[in-house]
Amino acid sequence: MSIERSTVYLSALDAVSIGAYHACAAHPPARRLGLVIVQEVFGVTDSLRQVSDGFADAGFDVLAPAFFDRIEPAIELRADDAGMARGREYVGKLGFDAPLRDVRAAADFLVERGCSGVAVVGYCWGGVLAYLCATRLGLPAASYYGRLIPQFLHERPQAPLIFHFGAKDELIPAASIAAVELRFPDLPLHRYPAGHAFNRIGDRHYDEDSAVLARRRTMAFLQAHLRADLECA
């Protein structure tokens, strides 16, 4: 499928404007569906753009908000120790409320473009935000290896959720994953024979088999909860 890519600008409820990577089919399906992709602590990176393009190729209208624009424009960090340390400083400054306002602005943008449904997919820090999108914004969400989710287990999901974790994750203890599973026994939670960031394309942590299976499950989840006719392979 031919994909069109651009940068769009979102204005949140607090009047802050940020950029967002936009990818969509050049000839979209009759029923347009929106997806907000939520970054790791490194910003909107090439890996995240590739993930976004993959969902656009499946028929979604995709936005990946650049949350760090609230601090400094066009921040894109390397996925190494230095980048991790700097990224954690940025997300510490942002907190969670501001990025959630940006996700809300992204969802509104997609609805205004004619999307009949919007969901969220997030990775690592974005995996926590995806979880909070379901508990606080009522958006269906797929959460990949959200390290801080146990801090928010008191919150009740207001929309469908699916969780993906690596069984060999060096950043998320097995006990933390078990706590999520215990709190939400009726929600799908999948473990993969991989470490943290197994979906980070082009990175040494990338695990193709786990990433492909997780994508297939995410697509089936989105198909079920957005009532979409999607390619799940």
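Structure above, values below:
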{"quantity": "Residue in segment 58-78 that is at positive phi and more than 17 Å from the chain's Cα centre (by Cα) present", "calculated": "yes"}
{"quantity": "Residue tally, condition more than 26 Å from D80 (Cα to Cα) and either within 14 Å of the chain's Cα centre (by Cα) or free of Cβ contacts under 8 Å to residues at least 24 places away in the same chain (or both), over segment 206-220", "calculated": "4"}
{"quantity": "Test: residue in segment 147-165 that is touching a Cys at 6+ places or on another chain (Cβ under 9 Å) and of a type in the set (D, E, K, R)", "calculated": "yes"}
{"quantity": "Residue match in segment 189-196 (condition: outside any loop (DSSP other than H, G, I, E, B), touching a Pro at 6+ places or on another chain (Cβ under 7 Å) and at pLDDT 95 or above)", "calculated": "no"}
{"quantity": "Matching residues, segment 105-139, being surrounded by fewer than 24 Cβ atoms within 10 Å (Cβ to Cβ) and touching a Pro at 6+ places or on another chain (Cβ under 6 Å)", "calculated": "T135"}
{"quantity": "Number of the exception - V120 against (1) more than 22 Å from Y206 (Cα to Cα); (2) not in a helix (DSSP H, G or I)", "calculated": "(1)"}
{"quantity": "V62, sole failed condition from (1) hydrophobic (A, V, I, L, M, F, W, C); (2) in contact with a Leu (Cβ under 6 Å, 6 or more places away or on another chain); (3) in contact (Cβ under 8 Å) with a residue 60 or more places away in the chain", "calculated": "(3)"}
{"quantity": "1 or more residues more than 11 Å from A56 (Cα to Cα) and of a type in the set (F, W, Y): qualifying strands (runs of 3 or more DSSP E) within segment 1-40", "calculated": "3-11, 17-25"}
{"quantity": "Test for L94: is it open to solvent by 10 Å² or more (accessible area, probe 1.4 Å) and within 18 Å of the chain's Cα centre (by Cα)", "calculated": "yes"}
{"quantity": "Hits in segment 55-85 - residues which are in a helix (DSSP H, G or I) and of a type outside the set (A, V, I, L, M, F, W, C)", "calculated": "D57, D69, R70, D81, G83"}
{"quantity": "Residue satisfying all of: in segment 170-204; within 18 Å of W125 (Cα to Cα) and without any contact (Cβ under 8 Å) to a residue 24 or more places away in the chain; nearest to the chain's Cα centre (by Cα) among these", "calculated": "I177"}
{"quantity": "Options S11, S52, S2, S17; residue that is of a type in the set (G, A, S) and under 22 Å from R200 (Cα atoms)", "calculated": "S52"}
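The values are calculated or read from the model by the stated rules, or taken from the named source; none is laboratory data. Small disclaimer: the values here were computed from a predicted structure and weren't measured. Cβ atoms come from the backbone with ideal geometry, glycine included; neighbour counts cover every protein chain shown. Ligands, DNA and RNA are stripped out before the accessible areas are found, and what is left, the full protein with its side chains, is counted by its heavy atoms. Shrake-Rupley method; radii C 1.70, N 1.55, O 1.52, S 1.80 Å.
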